[in-house]
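Heads up, the thing below is written out as structure tokens.
Nothing in this text is a laboratory measurement; each read-out follows from the coordinates by a stated rule. Every value quoted in this text rests on a predicted model; they were computed, and no experiment measured them. In this analysis, Cβ positions are derived from the backbone assuming ideal geometry, glycine residues included, and neighbour counts consider all displayed protein chains.
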């Protein structure tokens, strides 16, 4: 696991900010999660679905599953090539409960963040939820 040792905002690394954001969204604490997101941030999920912020993202998730959680297996971060902020990749597996009450686990995910001045400016998500039949694409 490669983690930036350079604090980006109030002592937090870009990886700290990304992990905190994921935890807050998972807990449904969207107002706190929104504080970590820059205005006009790009939040894009599988299929090119874009969200205006974490509240919309979490609400839309409720139409796909009852609950979902992440088991983080790997994390990498590095300075962006253009010198503007940090890139963070967090990957692992998803587990939870589908709308029909069935359990799912071991579903791969990758979240890619860009963090500038302590706020998330980009969050791109890839996962196998649709491929594994947990959700309907779109």
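For the reader, a short list of remarks on this structure follows.
- The residue list 47, 11, 106 contains one member that is exposed (fewer than 15 other Cβ atoms within 10 Å of the Cβ), in contact (Cβ under 8 Å) with a residue 40 or more places away in the chain and out of contact with any helix residue (DSSP H, G or I) (no Cβ under 7 Å at 6 or more places or on another chain), which is 47.
- Only helices (runs of 4 or more DSSP H) whose full extent lies in the stretch 1-116 are considered here, and the ones with at least 2 residues that are within 20 Å of residue 137 (Cβ to Cβ) are 54-62.
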